[in-house]
Amino acid sequence: MSDMRLVVVGAAGRMGQALVRAVHNAPGVALAAAIEREGSPVLGQDAGLVAGAGITGIMITDDPLTAFAQADGVLDFTIPAASVAFAALAAQARVVHIIGTTGFSADDFTKLNAASRHATVIQSGNFGLGVNVLAQLVKQAAKVLDLDYDIEIVEMHHRMKIDAPSGTALLLGEAAASGRGVALNEHMDKARDGHHGARQPGDIGFASLRGGTVAGEHSVIFAGPGERITLSHSAESRDNFANGAVKAVLWGRGRKPGYFSMSDVLGLAD
Ligand code: NAD
């Protein structure tokens, strides 16, 4: 089979650069185009040079329409407004759309779901193997431990991150809620400030720390009577997410349109 032709959008971003390097190094895929926002200072530059992967001959442009029409898949770790717009273009071009962007609103998710009628959308708050395995462990623990065990999710990321809680923290919260058989949005407690009263039984709490260059730290704490269980993950680089995104796009090749997650790709979904 010929190499899968991929577009990296947000190619100059932290994740975009990791994706360009991953596509450059992985077998079975080829970089077909690299896209940045209008007015970006890197337009016209070689995507490989920007990413530290050497010359690729693929110059960064701001024309996703032309790029998607000539590609098989799109790797998208950008911002919610851009990903929603890319989802509509990916649906028109009927390509595989990997969405790693986080911070979507409920309205954004409705639009991504609509796009998945025509595109193979694979969306996840975390494309790494480790966090997806951790989510399964969290689900199991939440199933066994009763409401005497308070669930708190703590995350830390670099100072430039613009959304909170992180997409990974929400993914872990969903896993905990699903283990308990409840809906996360009815039990999440994201903002404690001032005289907020005692913790409600069954709440799933979130705390977000920001600073330095941290790629991603997550802990899920089950605080029970006289004991605590902590399940944690530390990301040491972004390569893990980028390699997972490449694995996901190859999994999506030739698959019918639909909305999938990384746990589908890894065979962890139940
Ligand atoms: P970043 O700010 O370094 O990069 C985002 C890039 O997108 C920028 O270069 C920006 O110019 C570009 N962009 C914005 N609008 C655009 C548009 N309309 N067209 C083309 N490019 C556009 O951010 P980052 O640290 O790389 O993170 C990006 C996203 O990925 C965030 O939402 C982050 O939370 C998420 N993320 C997800 C995972 C995961 O595994 N799901 C892992 C890491 C980061």
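Since every read-out is calculated from the coordinates, none of them should be taken as a lab result. Note that this is a predicted model, so its numbers are computed, not measured. Here Cβ is always computed from backbone atoms with ideal geometry, including for glycine, and neighbour counts include all displayed protein chains.
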Dipole magnitude of segment 1-153 about its Cα centre, charges +1 at Lys/Arg Cβ and -1 at Asp/Glu Cβ only, in debye to the nearest 20? 360
Only Lys, Arg (+1) and Asp, Glu (-1) charged, at Cβ; the chain dipole about Cα centre in debye: 480
Angle between the chain longest axis and helix 80-93 axis [Cα atoms, degrees, rounded to 10]: 50
Report the Cα centroid-to-centroid distance between segment 166-198 and segment 34-113 in angstrom, as an integer. 31
The percentage of Cα-Cα pairs in the chain separated by more than 26 Å is 43
Nearest 5 percent is fine: what portion of the DSSP beta bridges confined to segment 118-270 is antiparallel? 55
Long-range Cα-Cα pairs in segment 129-270 (distance over 25 Å), rounded percent: 32
Once both label points are put 7 Å beyond Cα along the C-beta direction, the HIS118-ALA82 separation in nm becomes 2.2
Taking every DSSP beta bridge with both residues inside the chain, roughly what % is antiparallel (nearest 5)? 35
With everything on Cα atoms, drop me the angle between helix 106-115 and the longest principal axis of the chain, reported from 0 to 90° to the nearest 10. 40
Under 5 Å, built H, 5+ apart or other chain: amide partners of MET188: ILE204
For the chain, take the longest principal axis of its alpha carbons; what is the angle in degrees between that and the long axis of helix 129-144, to the nearest 10 within 0 to 90? 20
Across the Cα atoms of segment 111-160, what radius of gyration and what greatest pairwise Cα-Cα distance (Dmax) are found, in Å? 15.8, 45
Springs between alpha-carbon pairs under 10 angstrom, Gaussian network model over the chain: which of THR120, THR168, THR213 fluctuates most? THR213
For LYS190, go through the lysines and keep the ones whose alpha-carbon is under 20 Å away, minus same-chain ones fewer than eight residues off. LYS139, LYS161
Rounding to the nearest 20 debye, state how big the charge dipole of segment 131-200 is about its Cα centre with +1 on each Lys and Arg Cβ and -1 on each Asp and Glu Cβ. 180
